[in-house]
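Down below is the structure, laid out as structure tokens.
The values are calculated or read from the model by the stated rules, or taken from the named source; none is laboratory data. Every value quoted in this text rests on a predicted model; they were computed, and no experiment measured them. Cβ: placed from backbone, ideal geometry, glycine included. Neighbour counts: every protein chain shown. Only protein heavy atoms, including side chains, enter the accessible area calculation; ligands, DNA and RNA are left aside. Shrake-Rupley method; radii C 1.70, N 1.55, O 1.52, S 1.80 Å.
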Amino acid sequence: MASAEVNGAVSHMTASAGQGTLASGAANRGVPVPESADRDALAPGAAVPESADWDALASGAAENREPILGAISHNPPMSGDRAGGASAEGEAAASAREAVADAVIRIEGLHKCYGAQEILKGIDLTVQRGEVVVILGPSGSGKSTLLRCVNRLEEATSGHIWFEDTEITDPSTKINKVREHVGMVFQSFNLFPHLTAKKNVMLAQEHVLKRPKEEAERVALEQLERVGLRERADYKPGQLSGGQQQRVAIARALAMDPHVMLFDEATSALDPELVRDVLDVMRSLASEGMTMMVVTHEMKFARDVADRVIFMDGGVIVEQGTPEDVFEHPQSDRTKDFLGHIA
């Protein structure tokens, strides 16, 4: 295979996680997510300098710092109520600043159309580092399209998407550099049938990350062991079950050291008895603190592992909250109807 062809074939393969032994149990993750931050309401990509007076900016004051400080210095001391209000406002601003700084994915006003058909109708969403966001919804609701836009496998019609500090919807962004840090696992496994599991995991490392063969092989074996397939390293995809092939695909993504993992209905093509092993790997990643966006119909996984559950329908986010909020106390009639049909 020519080098250009290989690079093109692996350009959509991906990405990673820190090395180490997988912990067990999502309950032990201990990943902090600021509770006070209004994540989706934050203005993604707002260029506010580190030295900005966050308290003043939060209260709607002008960005010119010196007049603000001068005005404060000449004012009499505030009453207790006013001081308390300013303190709370400052804490909220600090939380908002922390939330923006720690966001891995930020989406603002995302629209996607195919001709006259609008699939996504103004999505606003922020995913914090270490957060597991599970996206539910009926077929055709825009879930997979949203995920594919995050990796720019689909081009947004309008709106903005940031990966960490990079706006990926900017045409000048070198998207393949971004994809090196964004792992994606699809419904289909997308393995090269003529290569062994180990070679499939090595390929993108060598051609995208330019790792030496020896290092790529070492990492491939580490990641195959991580997903429970070290002993199948020399098997070709045709010699593996569907669940094992999907775990190879996950190992391939993890070998790229991603900062976020995107799972697009990774278990929907599997026989029921093969689903558990794939979900166990995903649970383990969550327990390590991997940032994840997961489109799935696996309700138990969503209940047990998600930090936040999003319900989509008709190209919009209808409702979102903790698993308990969405599953036990849904607010929207549409969410109630959807959950009632799958209970």
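Just one of the numbered conditions (1) open to solvent by less than 50 Å² (accessible area, probe 1.4 Å); (2) of a type outside the set (S, T, N, Q); (3) closer than 15 Å to R247 by Cβ is not true of V219; which one?
Looking at each condition in turn, V219 falls short on (3).
Given V309, V281, V294, V326, which one is in a helix (DSSP H, G or I), within 17 Å of the chain's Cα centre (by Cα), buried (at least 21 other Cβ atoms within 10 Å of the Cβ) and not hydroxyl-bearing (S, T, Y)? Spell out the reasoning first.
Values: V309 fails: in a helix (DSSP H, G or I); V294 fails: in a helix (DSSP H, G or I); V326 fails: within 17 Å of the chain's Cα centre (by Cα).
Going through V309, V281, V294, V326 in turn, just one is in a helix (DSSP H, G or I), within 17 Å of the chain's Cα centre (by Cα), buried (at least 21 other Cβ atoms within 10 Å of the Cβ) and not hydroxyl-bearing (S, T, Y): V281.
What tally of residues in segment 239-277 results from selecting those that are β-branched (V, I, T) and at pLDDT 95 or above?
Our first condition is that a residue be β-branched (V, I, T); within segment 239-277, this holds for 248, 250, 260, 267, 275.
Imposing the further condition that a residue be at pLDDT 95 or above reduces the set to 248, 250, 260.
Number of matching residues: 3.
Looking only at segment 293-342, count how many residues are among the acidic types (D, E) and touching a residue at least 60 places away in the same chain (Cβ under 8 Å). Explain how you work it out, then say what you get.
To start, the set of residues in segment 293-342 that are among the acidic types (D, E) comprises 298, 304, 307, 313, 319, 324-325, 328, 333, 337.
Adding the requirement that they be touching a residue at least 60 places away in the same chain (Cβ under 8 Å) leaves 304, 307, 313.
Qualifying residue count for the region: 3.
Determine which member of the set L146, L120 is in contact (Cβ under 8 Å) with a residue 60 or more places away in the chain, over 15 Å from the mean Cα position of the chain (by Cα), crowded, with 18+ Cβ neighbours inside 10 Å and more than 27 Å from E206 (Cα to Cα). Spell out the reasoning first.
Working: L146 fails: over 15 Å from the mean Cα position of the chain (by Cα).
Criteria check complete, one pass: L120.
Answer yes or no as to whether N176 is of a type in the set (S, T, N, Q), at pLDDT below 95 and open to solvent by less than 20 Å² (accessible area, probe 1.4 Å). Spell out how you get there, then give the answer.
Values: of a type in the set (S, T, N, Q): yes; at pLDDT below 95: yes; open to solvent by less than 20 Å² (accessible area, probe 1.4 Å): no.
No.
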